[in-house]
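The values are calculated or read from the model by the stated rules, or taken from the named source; none is laboratory data. Predicted, not measured: the structure shown is a model, and the values here were computed from it. As a convention, Cβ positions derive from the backbone with ideal geometry for all residues, glycine included, and neighbour counts pool all protein chains shown. Protein only, heavy atoms only, side chains kept; ligands, DNA and RNA dropped before computing areas. Shrake-Rupley method; radii C 1.70, N 1.55, O 1.52, S 1.80 Å.
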Amino acid sequence: RLREIAEKGFSPSALTSYIRNPLDFYFQKILRLNDFEEVEETVAANTLGTIVHDTLEIFYKPLEGSFLSIEKLSEMKDRIHEQVTSEFKKTFKGGTFTKGKNLIVFEVAKRYISNFIDREIVEIETGNTIKISKIETDLILEIPIPELDFPVKIHGKVDRVDEYNGQVRIIDYKTGLVNQGDVEIIEWEALTQDYKYSKAFQILAYALMMNKEIPINNAEAGIISFKNLSSGFLKFGTKTSAYSKREQQITSETLENFTAELKKLILEICDPSIPFIEKEIA
């Protein structure tokens, strides 16, 4: 089963689920047991995430290769209610969202998208240029691991790649709360050992896969957290100590360091002598 997953490609979220708790990874990915008794809150959170992502994809996909303008962004704002309604109908398949928790999720989705587009309008008004390169693009990359006798790939879907005043940015949207500290590391090993850095791990995986499409040197990779939109684009960074200056450019050296950790993690997952254990989740 691991060979099968490796052939199709490990997704960044599957790898971080292993970091969080190897036993969960085993149940979900190896035995394919989906946890049907999901807590209601996660269902609401997943629904919200899906609706925000899908609406933004429909708005921004036609703009690939072009610069954002206030006119295009204002048109999007006028379509929010209609598009979110349409996405809800797809996701809820006949369920009502005119009352209760569903209505709250519906209103939050609209507010998140509206605030996000407002922020983009302010960026353009203050003289910045934003060129959309890719929206919701499927990526796959083979990772050479000579210790294994089968091919290993990683795959995922990058939410957005753009050029902000000429600077390439690889962007992952999160509807939950993310802070700058979640995407900064001091030790590279922490990426595969501490679930706290799962967001940093995921954006580096996207950067590594993107590197095959557009060779990356001095790009930025990070997260836009809809629950922390005022903090803007939260860039991945490395520091030598808690108080030192952060380095936020993604260079070929950054990708090499990440690849080394990624290989170690995949080797651990594929090692028959290392059991899938229950990790104490703090």
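Which value, in Å², gives the accessible area per residue of region 106-244 when a 1.4 Å probe is used on the protein heavy atoms? Working shown, then result.
Details: 5890 Å² over 139 residues.
Roughly 42 Å² per residue, with all protein chains present.
Run the accessible area of the chain with a 1.4 Å probe and give the carbon-and-sulfur part as a rounded percent.
Answer for the chain is 51 percent, counting heavy atoms of protein chains only.
Short version: what are the Cα gyration tensor semi-axes of the chain, square root of 5 times each eigenvalue, largest first, in whole Å? Walk me through the numbers before you get to the answer.
Details: eigenvalues 198, 124, 60 Å².
Value: 31, 25, 17 Å, ordered largest first.
Taking the chain as the reference, fit the longest principal axis to its C-alpha atoms, fit the long axis of helix 100-125 to the helix C-alpha atoms, and give the angle between the two in degrees, 0 to 90, nearest 10.
80 degrees
Report, in listed order, any pair from LYS77/LYS196; LYS110/LYS196; LYS8/LYS77; LYS99/LYS196 with a Cα-Cα distance greater than 32 Å.
LYS77/LYS196; LYS8/LYS77; LYS99/LYS196
To the nearest 10 degrees, how steeply does helix 40-60 sit against the main Cα axis of the chain, on a 0 to 90 scale?
In the chain, helix 40-60 runs at an angle near 60 degrees to the longest axis.
Using +1 at the C-beta of Lys and Arg and -1 at the C-beta of Asp and Glu, which of SER273, LEU208, GLN248 has the Cα lying farthest in the positive direction of the dipole of region 202-282?
Farthest along the dipole direction, towards plus: GLN248.
If amide hydrogens are placed 1.01 Å from N in the peptide plane, which non-local residues have theirs closer than 5 Å to the one on ILE186?
LYS239
What is the diffusion coefficient of region 137-282 in µm²/s, taking the Kirkwood radius over Cα pairs and the Stokes-Einstein relation at 10 °C with a viscosity of 1.306 mPa s?
The diffusion coefficient I find is 98 µm²/s.
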